[in-house]
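Trainee: Sharing a structure, written as structure tokens. Questions coming.
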Amino acid sequence: PSERRLTWLNSSADWGAALPTPTYIERESHLCTASTLAAHGGITHWILVDRTLPPDARPILATAESLRKRTLVAGPEGQVYEAVSHGIGSVFCYPEYRGKGYASRMMTELGEVLRGWQGAESRDRREVVFSKLYSDIGRGFYGRHGWRPFPSGHVEFPAAVGAGEEGGKGAKRLLTKDLEELCEVDERMLRGLMERPRGDGKTRVAIPPDAEHFAWHRAREEFVTQALFGKVPEVRGALVGDVGNRVWAVWTRGFYGKKDEPAKNTLYILRLVVEGEMRGEKVDEEVLAGQLADVVGVARGEAREWGCGRVEVWNPSATVCGALEKVGGTKVEREKQGIASVMWYGKEGEEVEWLANEKYAWC
């Protein structure tokens, strides 16, 4: 525990800008047990050290964390099964040890260790199918160590709105109590999408957009908003439309600056669901644009209220992207930050498609 605390202390200047250092350390400790995704062995902390030296008396050369993730896999014929993947985060090398190969050594070893880590937790085949991370240093370093970059774009909206742009009046505000049922509907549709053979020979994978993931993001968000604002948000998302033709979004507020530094803070759409599209139907882009205008309108209002300067929707489909652009969104291809990258542990040369590669799956 003391070495783990030291890793948080040393990374606080880089990642804890929104909070005083003691509060940042408290948050990191809190997140180890605050959600079922991380608790009971879900999160693992890794350090690169000289094994010949005793704990608490050895330099920590590099650090990382991994989160065990329930994962859906479908072969080319559409048979879906559950396995395990690991999300890698908090990769850090202390300034005095940079440029000496320690980060490379850690990632080389970690990639192999995770290949079999906690595979027994898999529901079906007891296997770990991949590890993933989100690079904030571009594609090169992690690509050279075996994590292949995947599409990493988003559509962005400023929180500020012009005259007549308010929107959101036709949307239902989603509260925490609304999310579990929507998650169950979403996962059923996602499984159905994966079960449909496409004849392209690809293996499809997805992190289920389940209540556990949203609870993990919510725990992060609530700790920070309580510290910054003395309260926690109530509105977790927005929904429009009738059953079968609904569009909904679930979001979180991410703080990388103080509450009076909105340019550094973002409201992230964790998951955006278009029911018709999830069923494989052709969606009218104009109608969808109207629905999204209401959903995004609520999100922008929440961003303004909570000191976030923008709203981001990660990796929307071509249809959704087009509709978002119709209502004022700007498409951005990320080159340095948040580059989704996967190390595949299946058959060599297997072509993999990552479905629902959205912000909820982050870390």
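Trainee: Of the numbered conditions (1) out of contact with any strand residue (DSSP E or B) (no Cβ under 8 Å at 6 or more places or on another chain); (2) in contact (Cβ under 8 Å) with a residue 24 or more places away in the chain; (3) of a type in the set (D, E, K, R); (4) over 20 Å from Arg188 (Cβ atoms), Glu222 fails exactly one; give the number of that condition.
Mentor: (2)
Trainee: I'd like the full set of residues that are of a type outside the set (Ser, Thr, Tyr), assigned to a loop (DSSP other than H, G, I, E, B) and surrounded by 15 or more Cβ atoms within 10 Å (Cβ to Cβ), limited to the stretch 33-48.
Mentor: Residues satisfying the conditions are Ala34, Leu37, Ala38, Gly42.
Trainee: Could you grab me the full set of residues in the stretch 121-136 that are under 18 Å from Lys359 (Cα atoms) and exposed (fewer than 15 other Cβ atoms within 10 Å of the Cβ)?
Mentor: Once the filter is applied, which keeps residues that are under 18 Å from Lys359 (Cα atoms) and exposed (fewer than 15 other Cβ atoms within 10 Å of the Cβ), the stretch 121-136 yields only Asp136.
Trainee: Right, next: One residue is enough: does the stretch 280-295 have a residue meeting the conditions of a type outside the set (Asp, Glu), more than 30 Å from Pro20 (Cα to Cα), in contact (Cβ under 8 Å) with a residue 12 or more places away in the chain and part of a loop (DSSP other than H, G, I, E, B)?
Mentor: yes
Trainee: Right, here's the next one. Within the stretch 259-290, restricting attention to residues that are more than 30 Å from Thr225 (Cβ to Cβ) and basic (Lys, Arg), which residue is surrounded by the fewest Cβ atoms within 10 Å (Cβ to Cβ)?
Mentor: So, considering only residues that are more than 30 Å from Thr225 (Cβ to Cβ) and basic (Lys, Arg), the one surrounded by the fewest Cβ atoms within 10 Å (Cβ to Cβ) is Lys282.
Trainee: Additional query: Just checking, how many residues over the stretch 11-22 are out of contact with any Ser or Thr (no Cβ under 6 Å at 6 or more places or on another chain), crowded, with 16+ Cβ neighbours inside 10 Å and touching a residue at least 12 places away in the same chain (Cβ under 8 Å)?
Mentor: Here the count works out to 3.
Trainee: Scanning the stretch 12-23 for residues that are more than 20 Å from the chain's Cα centre (by Cα) and outside any loop (DSSP other than H, G, I, E, B), which turns out nearest to Val224 (Cα to Cα)?
Mentor: Thr23
Trainee: Exactly one of these conditions fails for His30: (1) surrounded by fewer than 18 Cβ atoms within 10 Å (Cβ to Cβ); (2) in contact (Cβ under 8 Å) with a residue 60 or more places away in the chain; (3) touching a helix residue (DSSP H, G or I) at 6+ places or on another chain (Cβ under 8 Å); (4) not in a helix (DSSP H, G or I). Give me its number.
Mentor: It is condition (4) that His30 fails.
Trainee: Given Leu228, Leu182, which one is over 20 Å from the mean Cα position of the chain (by Cα) and crowded, with 16+ Cβ neighbours inside 10 Å?
Mentor: Leu228
Trainee: On the given criteria, is Lys177 among the basic types (Lys, Arg), surrounded by fewer than 17 Cβ atoms within 10 Å (Cβ to Cβ) and in contact with a strand residue (DSSP E or B) (Cβ under 8 Å, 6 or more places away or on another chain)?
Mentor: No, not satisfied.
Trainee: So, in the stretch 84-102, how many residues would count as being within 28 Å of His40 (Cα to Cα) and touching a helix residue (DSSP H, G or I) at 6+ places or on another chain (Cβ under 8 Å)?
Mentor: 7
Trainee: Give the stretch 231-245 a look and list any residue that's surrounded by fewer than 17 Cβ atoms within 10 Å (Cβ to Cβ) and either under 26 Å from Tyr24 (Cα atoms) or in contact with a Gly (Cβ under 9 Å, 6 or more places away or on another chain) (or both), or say none.
Mentor: Lys231, Val232, Glu234, Val235, Gly244, Asn245
Trainee: Can you name the number of the only condition in (1) closer than 30 Å to Ile47 by Cα; (2) surrounded by fewer than 15 Cβ atoms within 10 Å (Cβ to Cβ); (3) modelled with pLDDT of 95 or more that Met106 fails?
Mentor: In the conditions (1) closer than 30 Å to Ile47 by Cα; (2) surrounded by fewer than 15 Cβ atoms within 10 Å (Cβ to Cβ); (3) modelled with pLDDT of 95 or more, Met106 misses (2) alone.
Trainee: Report, ordered by the first and then the second residue, all pairs with beta carbons closer than 8 Å, sequence separation of six or more or different chains, a first member in the stretch 160-183 that is touching a residue at least 40 places away in the same chain (Cβ under 8 Å) and closer than 13 Å to Trp251 by Cβ, and a second member that is part of a loop (DSSP other than H, G, I, E, B) and small (Gly, Ala, Ser).
Mentor: Listed pairs, sorted by first residue: none to list.
Trainee: Do we have any residue at all in the stretch 187-205 that's crowded, with 18+ Cβ neighbours inside 10 Å, closer than 17 Å to Ala303 by Cβ and in contact with a strand residue (DSSP E or B) (Cβ under 8 Å, 6 or more places away or on another chain)?
Mentor: Within the stretch 187-205, not a single residue is crowded, with 18+ Cβ neighbours inside 10 Å, closer than 17 Å to Ala303 by Cβ and in contact with a strand residue (DSSP E or B) (Cβ under 8 Å, 6 or more places away or on another chain).
Trainee: Any idea how many residues of the stretch 306-324 are surrounded by fewer than 16 Cβ atoms within 10 Å (Cβ to Cβ) and in contact (Cβ under 8 Å) with a residue 40 or more places away in the chain?
Mentor: Residues that pass the stated criteria total 1.
Trainee: List the number of the failed condition for Gly138; all other conditions in (1) in contact with a helix residue (DSSP H, G or I) (Cβ under 8 Å, 6 or more places away or on another chain); (2) at pLDDT 95 or above hold.
Mentor: (1)
Trainee: Can you list the strands (runs of 3 or more DSSP E) found entirely within the stretch 314-363 that contain at least 1 residues being over 25 Å from Arg196 (Cβ atoms) and touching a strand residue (DSSP E or B) at 6+ places or on another chain (Cβ under 8 Å)?
Mentor: Strands (runs of 3 or more DSSP E) meeting the threshold: 330-333, 339-344.
The values are calculated or read from the model by the stated rules, or taken from the named source; none is laboratory data. Remember, predicted model here, so these are calculated numbers, not experimental data. No Cβ is skipped: glycine too gets one built from the backbone with ideal geometry, and neighbour counts run over all protein chains shown.
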